[in-house]
Amino acid sequence: MFSFFHGGVHPDDSKANTRHKQVEYLPPPEFLILPLSMHIGAPCEPCVTLGDDVLLGQVIANSGAPVAAPIHSPVSGRVTAIEPRSHPNGSRVMSIVIQNDGLDKLHPEIAPYGSVESLTPEELLGVVRDAGIVGLGGAAFPAHVKVRSGLGKVTRVIINGCECEPYITSDHRLLLESPEEVLGGLKILMKIFGINKGTIAIEANKRDAIENIRRTLPRRGEGIEVRSLAVRYPQGAEKQLIQAVADREVPPGALPAAVGVAVFNVDTAAAIHRAVTTGMPLLRRIVTVSGSAVSNAKNLSVRIGTPMETVFAATGGFRETPGKVLAGGPMMGIAQFDLTAPVVKSTNALLAFSQREVNASREQTCIRCGKCVQVCPMKLEPTYLYMYERKNRTDMLEKYHLSDCIECGSCAYICPGRLHLVHSVRTGKQKLNAARAAAKEGK
Amino acid sequence: MDAPLTVSSSPHIHDEESIRSIMTDVCIALLFPLALGTYYFEMKALYLTLVSVLSCVVFEFLYRKALKKTNTIRDMSAVVTGMLLAFTLPVSTPYWVVVVGAFFAIVVVKQLYGGLGKNFMNPALAARAFLVVSFPAYTGIFTEPTFHEDGFSFFSTPDAISAATPLASLKQGVLPENYDLQNLLFGEIPGCIGEVSALILIIGGLWLLARRVITPRVPVSYLGTVALLTFVFSPAGVDSLQFMLYSILSGGLMLGAIFMATDYTTCPVTKRGQILYGIGCGLLTVFIRYFGKMPESVCFSILIMNTLVWMLDKAGRARRFGVRPFAFLFKKGG
Ligand code: SF4
Ligand code: SF4
């Protein structure tokens, strides 16, 4: 069965450099920086103070807020600073700096929770929360919140292994190297939701991964299927994936649970499995290091909190001075200006591009070709959004459903007039919020 | 870090396609009819096209220079306008008339409204309409194509004879006597430089489709509407199928449907809007052919529809993602 999502584009996948590179282990550096905000929701409060000794896996920051996820120390060592540091999102965020003693002394409380069968759904959900797991595909939404909000509504779990962003192969390698972890995570999630329908969705360009995970499937399937999806960006965007797999459109402003689905990234599923079976919270992740300015493209298993410059240095440094460095993929990733910023929970790739490749594309003009409208997976009219944003017509932005935009970048990718459409959407969202706030005050 | 890192908004990669590459593709597609036009109407056809292109480019350059705006001749859009303008004129048109037309197209229609993407009428068509109204003596004379039985000569000029075009017969409600469908397909009929052969225009259109410059939505809905209406409302005593085929193959309809109505700037951007636009063009074309006096059905239909593009874009907006069709019917009060 084939279902499709609307629109979409076909950027060159540029994955050949790292597709066949086994994940290498990167030893933790001397100093690790752990921002108190690595998830969507309320930032954590530190529960250690300057000079404290910490152990591997120890909770160093937590929050009582409903939407948050605790942060653990990825190494053993000493807290040497609690101060604002650069965050990959471009701002400065209060962070805990830990000096690594190199001993990796394990926190005594870290031990396997027992077999999945012996734990109740509520206990399993508690593990997900305590392990600090967030959406590792880039969204960084706390996993336990997603699960809890979907309890009773979700009838199907989709594990997202599309990895439709060019260059990134971290999920691909995970599917090849540890398919049982992904599958284990899916089973845990299905148990928590109390359902027997699970789908692992992978783009068709990862044939080896699809075959690999199919071999791992239980003999009788147990309600789990592996789906090969068309190669098209943004296949891995949550709403588009649900449309392709379940043939349902998530209503505006609603969560996927509204159509009975919950989506988790493959790495998130694997992290859940590890947390339950080993007791290990989220301390490391796979990062694809690639791009034209990198000497040796690699997939690395990196402790969270490792500064980007350390990661790049571990791949043999830069081949040439990079003109642009991205955290994330080229379609949605964030351009970096300070490479002391750390790898955070949601950093799936670090890409460095040569000066030459930085296309300082000058905006030309809209020739009304309609291509942005054709490719928009949310069925918006980006050219009109752009125009109304320019004219500050927030009323029209509202009418043209600006807030539906998922900022996937398809429109700006295709636009022959080289308009910075996504940038304009972001500005438009700010203007719209300001207008809404003003309207509220006026009342 | 010695050089600062560039910080810009995502996405950080871009498709190869640019305005220039699109316009170049259109020019390539237009070379097919130009070659045939030159064969039928001698070198004058080529010269006329060159004069038109050159004047368009020069006017664009001068206008933008005078107003201290960015130079845009590199985007090739003026070349496209120049070629299209020449294609809509008979080969006997004097050069100076073409230059006037180019001025009207580039300066009055395109640049006064802000340049590429801002004009609300197709520049080439608007210029043609202007010339037809202002200089009917020059634009109404059609030349019989030559077939070069004695070989192609670079110096002969075709005789301008006031030949009756197949369209003129159709307007009388009869099938043309002197020309059969094959003549229309291959362009062995009197007419304007670029519009005589339906076949070569379709080949150009296929190139544009293959290069993804255009989608079939506008041409197919336009031609389909004309075909349907002429089939259903064919004059008494005339074979409907024949009448329909003659109708869609004659009078610049192919050129209009494939190259003029698909002009980005002056057609809707939404999918449904484009289909409505094509249907509208078709309705008007047939209406004007049946009830109008001038042989300008395609030209005026497209120009009229051009002015409705904003409305069509509104009407053609897609159903919102995640909202059921006809959701407004189910909406709860408030
Ligand atoms: S893709 Fe760019 S040029 Fe084309 S309509 Fe959209 S904004 Fe305009
Ligand atoms: S408007 Fe938003 S959702 Fe649509 S293509 Fe552009 S970035 Fe993607």
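The values are calculated or read from the model by the stated rules, or taken from the named source; none is laboratory data. All figures in this text were calculated on a predicted structure; none of them were measured in a lab. Cβ atoms come from the backbone with ideal geometry, glycine included; neighbour counts cover every protein chain shown.
Some notes on this structure:
- Flag if A:Asp404 is away from ligand 1 (no atom under 12 Å from the Cβ), farther than 27 Å from B:Met23 by Cβ and facing chain B (nearest Cβ under 8 Å): yes
Rundown of residues vs (1) part of a helix (DSSP H, G or I); (2) more than 30 Å from A:Phe353 (Cα to Cα), yes/no style:
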| site | (1), (2) |
| --- | --- |
| A:Ser95 | no, no |
| A:Ile110 | no, yes |
| A:Ala140 | no, no |
| A:His144 | yes, yes |
| A:Val147 | yes, yes |
| A:Val182 | yes, yes |
| A:Ile188 | yes, yes |
| A:Ile195 | no, yes |
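- Test: residue in segment B:213-230 that is within 16 Å of ligand 2 (Cβ to nearest atom) and either on the phi < 0 side of the Ramachandran plot or more than 14 Å from chain A (Cβ to nearest Cβ) (or both): no
- Within segment B:4-12, at least one residue is crowded, with 20+ Cβ neighbours inside 10 Å and modelled with pLDDT of 90 or more.
- Some residue of segment A:3-20 being at pLDDT 90 or above and among the aromatic types (Phe, Trp, Tyr): no
- Within segment A:323-342, the residues that satisfy the criterion of being more than 12 Å from the chain's Cα centre (by Cα) and more than 8 Å from every other protein chain (Cβ to nearest Cβ) are A:Asp338, A:Thr340, A:Ala341, A:Pro342.
- The lone criterion from (1) buried (at least 21 other Cβ atoms within 10 Å of the Cβ); (2) within 21 Å of the chain's Cα centre (by Cα) left unmet by A:Ser301 is number (1).
- Tally of residues being within 14 Å of another protein chain (Cβ to nearest Cβ), assigned to a loop (DSSP other than H, G, I, E, B) and among the aliphatic types (A, V, I, L, M) across segment A:207-263: 4
- Single residue of A:Val344, A:Val425 found to be buried (at least 19 other Cβ atoms within 10 Å of the Cβ), more than 10 Å from ligand 1 (Cβ to nearest atom) and under 27 Å from A:Thr18 (Cβ atoms): A:Val344
- Residue match in segment A:11-19 (condition: away from ligand 2 (no atom under 16 Å from the Cβ), of a type in the set (Gly, Ala, Ser) and either free of Cβ contacts under 8 Å to residues at least 40 places away in the same chain or in a helix (DSSP H, G or I) (or both)): yes
- For A:Ala313, the conditions (1) more than 8 Å from chain B (Cβ to nearest Cβ); (2) buried (at least 24 other Cβ atoms within 10 Å of the Cβ); (3) of a type in the set (A, V, I, L, M) all hold with the exception of (2).
- Tabulated pairs, segment A:414-439, first within 14 Å of another protein chain (Cβ to nearest Cβ), second within 16 Å of ligand 1 (Cβ to nearest atom) and aromatic (Phe, Trp, Tyr), C-beta under 7 angstrom, 6+ apart or interchain: A:Leu419/A:Tyr386; A:Leu421/A:Tyr386; A:Ser424/A:Tyr386
- Residue tally, condition under 15 Å from A:Leu34 (Cβ atoms) and in contact with a helix residue (DSSP H, G or I) (Cβ under 9 Å, 6 or more places away or on another chain), over segment A:76-111: 1
- Given (1) of a type in the set (A, V, I, L, M); (2) more than 9 Å from ligand 2 (Cβ to nearest atom); (3) not assigned by TED's automatic domain parsing to the domain that holds A:Ser295, number of the condition A:Ile406 does not satisfy: (2)
Residue-by-condition table, conditions (1) more than 11 Å from every other protein chain (Cβ to nearest Cβ); (2) touching a residue at least 60 places away in the same chain (Cβ under 8 Å):
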site	(1), (2)
B:Phe233	yes, no
B:Tyr246	yes, yes
B:Leu249	yes, yes
B:Phe259	yes, yes
B:Gly282	yes, yes
B:Gly292	yes, no
B:Pro295	yes, yes
B:Arg324	no, no
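- Screening A:Gln374 against (1) within 30 Å of A:Arg285 (Cβ to Cβ); (2) within 15 Å of ligand 2 (Cβ to nearest atom); (3) at the interface with chain B (Cβ under 8 Å from one of its Cβ atoms) leaves a single unmet condition, (1).
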